[in-house]
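Reading through the structure tokens given below for one structure.
The values are calculated or read from the model by the stated rules, or taken from the named source; none is laboratory data. As the structure is a prediction and not an experimental result, all values here were calculated from the model. Positions of Cβ are generated from backbone atoms using ideal geometry, with glycine treated the same way; all protein chains shown enter the neighbour counts. These area figures cover heavy atoms from the full protein model, side chains too; ligands, DNA and RNA do not enter into them. Shrake-Rupley method; radii C 1.70, N 1.55, O 1.52, S 1.80 Å.
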Amino acid sequence: MLNDKMPQQGKSARCGRVFTSCVLLFVLLCNAGCGGSSNSGASDSHSSASASQSSVPAPDLGEAPAVEQERIAWGENPTQFADLYRPTERSGLLPVIIMVHGGCWSAAYGLEFQADLARTMAERGFAVWNIEYRRLGNGGEWPVMFTDVAAAADYLPSIAEAYQLDTGAVTVIGHSAGGHLALWLASRGQIPPGNVLYKPSPLAVEGVISLAGIGDLTSRACGESARTIVNQRAINPEQYQARLAIASPIEMLPTGVSSLLLSGSRDSIVPSNLADAYVDAAQLAGDNSEHMVIAGADHFDLIDPMFMDITLLEDTLNGFMAP
């Protein structure tokens, strides 16, 4: 096991991530069809299941609680690791957030995009398992990326005792393409035995927050990447539909897992109509699912703890875990 203590990130690191986020935004917008639909203004007209909220960052209450960050290898490949964040002062077992980063499922973008959010949630009393996994371009072609994400989640029980983790209180947060994978983690119970992605007794999750996530792999979000991750070009239409049934969250309902999908009103990469469609389908299937549009937010504001209402995230996760 690889255990590397990581230093706290300062202001200069934050500025570097802001610059990198701007570069990512430029690249994503240049992808063909990256907006998910030609009507990127759809974020202003959402279904009755949606609500709108302005972001209200938590007030500055002084110095933030101390957080420990440790890098842990969950597999043998160099990309199979996660950063575990925990509050330094703790008593008893910690509820766990599995955090899945986005970046159009591309190897060009990694878990550092959600490092600030991971640390902030740890300051609120959670253990945060910010996972890395193989992606398009570094060995994550079908079905490896899915099996990696599943294996990273299912690794938690093996370290639970050593790190005081409550594996009966696990939730998931994912952003963009990571929102797709977060919703997929909650849907694994729908995968039939004998399938390449089937695993008996996967780690149960209590709820999912999808931040500008992609719940439908037939959408044009991230250009052709949503089709590439299931290797559509190499299979016939019948095989493609079979893969969607085990890889596209909107095709895997009901999950029996509660979900909250958040969209930014100014998001031109993953517009809110995609979340509307998922929530409508989930509710029709009998799942507890809600959609909220954050006023004034763009695609990356949703993972910025200086913009987002962290209390909203905290309260939602605690609600998922309530008896």
For segment 243-261, does any single residue satisfy the condition of being open to solvent by 40 Å² or more (accessible area, probe 1.4 Å) and either of a type in the set (S, T, N, Q) or in contact with a strand residue (DSSP E or B) (Cβ under 7 Å, 6 or more places away or on another chain) (or both)?
no
Quick one: in segment 60-104, of everything that is within 21 Å of the chain's Cα centre (by Cα) and basic (Lys, Arg), which residue is most open to solvent (accessible area, probe 1.4 Å)?
71
Result of the Cβ filter at 8 Å on segment 251-272, keeping first residues that are under 22 Å from residue 314 (Cα atoms) and partners that are open to solvent by 20 Å² or more (accessible area, probe 1.4 Å) and of a type in the set (Phe, Trp, Tyr), at least 6 apart or interchain, is 258/320
Within segment 300-323, residues surrounded by 17 or more Cβ atoms within 10 Å (Cβ to Cβ) and among the hydroxyl-bearing types (Ser, Thr, Tyr) come out as 316
Residue in segment 269-298 that is modelled with the highest pLDDT, counting only those that are crowded, with 24+ Cβ neighbours inside 10 Å, under 20 Å from residue 225 (Cβ atoms) and in contact with a helix residue (DSSP H, G or I) (Cβ under 7 Å, 6 or more places away or on another chain):
278
Look at segment 152-191 and say how many of its residues are without any contact (Cβ under 8 Å) to a residue 12 or more places away in the chain and either among the β-branched types (Val, Ile, Thr) or assigned to a loop (DSSP other than H, G, I, E, B) (or both).
0
With the structure loaded, tell me whether residue 134 is open to solvent by 10 Å² or more (accessible area, probe 1.4 Å), touching a residue at least 12 places away in the same chain (Cβ under 8 Å) and closer than 17 Å to residue 153 by Cβ or whether it fails that test.
yes
What is the residue count in segment 163-220 for residues that are touching a Pro at 6+ places or on another chain (Cβ under 7 Å), open to solvent by 10 Å² or more (accessible area, probe 1.4 Å) and within 17 Å of residue 142 (Cβ to Cβ)?
4
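Do we have residue 144 as buried (at least 21 other Cβ atoms within 10 Å of the Cβ) and among the aliphatic types (A, V, I, L, M) here? Can you show your working first?
Details: buried (at least 21 other Cβ atoms within 10 Å of the Cβ): no; among the aliphatic types (A, V, I, L, M): yes.
Here the answer is no, as residue 144 does not meet what is asked.
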